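Read the structure below first, then the notes.
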Amino acid sequence: MSMDYLTRLAAAQSAEERTWIITESLIGSLADDLRAAVWAAAIPHWFDEKILAALRPELAEHAARLYADLQTLPFVEVFQGRGHNIHELTRKVMLDHLWEENKEEYRILASRALEYFSGDEPEVQLERMYHRIVAEVKEAGEVLWNYSSTFNSAFRFIDSEKAKNVLLEHSIAGRTSNSLKANTLRAIGDIYFLHDERDNANASYLESLEIFKSIGDELGQTGVLWMLGKICFVRYDLTNALAYFLQALDLSRDVGDRLGEANTLRAIGDVQQFRKE
């Protein structure tokens, strides 16, 4: 054990820094193919032999051996019912380092994970959305925007807090733009709304709205205002519902969103009908 290693470890200022020093040393001691497999295994929240083969196609014929070897590493643990995973703190520092040092490699691996996680199972769809956020940056915002129609049925069976933690992971780590973070928060608001957790949905929408305002995204604001109005409407808070819908209507007209304008006019009509106007 070198003095440089011990000096760095002694000087570490946080658990994350110490974890990275230890992890970097261990990864550096591995054979090339196992080292490549470790980095691939850190990309998804869980991995098995098939996932390793998909993320490292050049090592696919050795996937069974590499999967067995990975299980002997001290930071690899059992992931209930799905294989194994890299310990949360170790995985975090690995992904932070990979993003900082080699974004292209990160996105290549995330793209392969996106392709692999293509099933209809809710957990798999959540994992797929997680990888899309960094693998397909331009498309991710649009998919998150269309969350309600695309993922409604799947996320009905996903714990809302788990979905929030997974989808916000990239934003918290600084791997997304403000626009994508705002869209992510809106999607999380949709998940909360789907689970009838209206206070949490409201908080997520308001946070999303502030980001959309800060970047001047009027179309983004429109969709969030519409959902805030919808929450007020289902709570029979008709005055605030109407206020949100009227703001959404003005923005829809400003950006030329005719479909948004039509849907908002219909929502305003519903409020006015309940108010007997």
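Summary of computed values
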{"read-out": "Residue list for the range 38-71, restricted to those being among the aliphatic types (A, V, I, L, M) and either at pLDDT below 95 or within 15 Å of Thr90 (Cα to Cα) (or both)", "value": "Val38, Ala40, Ala41, Ala42, Ile43, Leu70"}
{"read-out": "The listed residue being part of a helix (DSSP H, G or I) and modelled with pLDDT of 95 or more, out of Ala110, Ala154, Ala140", "value": "Ala110"}
{"read-out": "Counted residues, the range 179-206 - those being in a helix (DSSP H, G or I) and surrounded by fewer than 17 Cβ atoms within 10 Å (Cβ to Cβ)", "value": "5"}
{"read-out": "Residues that are more than 13 Å from the chain's Cα centre (by Cα) and either among the charged types (D, E, K, R) or closer than 17 Å to Ile231 by Cβ (or both), drawn from the range 151-188", "value": "Asn152, Arg156, Asp159"}
{"read-out": "Residues within the range 207-237 that are over 23 Å from the mean Cα position of the chain (by Cα) and not in a helix (DSSP H, G or I), tallied", "value": "3"}
{"read-out": "Boolean, Asp96 is charged (D, E, K, R), more than 30 Å from Asp217 (Cβ to Cβ) and open to solvent by 30 Å² or more (accessible area, probe 1.4 Å)", "value": "no"}
{"read-out": "Residues that are out of contact with any Phe, Trp or Tyr (no Cβ under 6 Å at 6 or more places or on another chain), part of a loop (DSSP other than H, G, I, E, B) and either open to solvent by 80 Å² or more (accessible area, probe 1.4 Å) or not aliphatic (A, V, I, L, M) (or both), drawn from the range 157-176", "value": "Phe157, Asp159, Gly174, Thr176"}
{"read-out": "For Pro74: the one exception among (1) under 25 Å from Glu127 (Cα atoms); (2) part of a helix (DSSP H, G or I)", "value": "(2)"}
{"read-out": "Given (1) closer than 25 Å to Leu126 by Cα; (2) in contact with a helix residue (DSSP H, G or I) (Cβ under 6 Å, 6 or more places away or on another chain), number of the condition Leu251 does not satisfy", "value": "(1)"}
{"read-out": "Matching residues in the range 77-88 - criterion: being surrounded by 14 or more Cβ atoms within 10 Å (Cβ to Cβ) and assigned to a loop (DSSP other than H, G, I, E, B)", "value": "Arg82, His87"}
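Conditions (1) in contact with a strand residue (DSSP E or B) (Cβ under 7 Å, 6 or more places away or on another chain); (2) part of a loop (DSSP other than H, G, I, E, B); (3) of a type in the set (Asp, Glu); (4) closer than 27 Å to Leu114 by Cβ, marked per residue:
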site	(1), (2), (3), (4)
Leu6	no, no, no, no
Gln13	no, yes, no, no
Ser25	no, no, no, no
Leu30	no, yes, no, yes
Leu34	no, no, no, yes
Ala37	no, no, no, yes
Ala41	yes, no, no, yes
His45	yes, yes, no, yes
Ile51	no, no, no, yes
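The values are calculated or read from the model by the stated rules, or taken from the named source; none is laboratory data. None of these values were measured; they are calculated from a predicted model. Every residue, glycine as well, gets a Cβ built from its backbone with ideal geometry; the counts of neighbours run over all protein chains shown. With ligands, DNA and RNA removed, areas are computed over all heavy atoms of the protein, side chains included. Shrake-Rupley method; radii C 1.70, N 1.55, O 1.52, S 1.80 Å.
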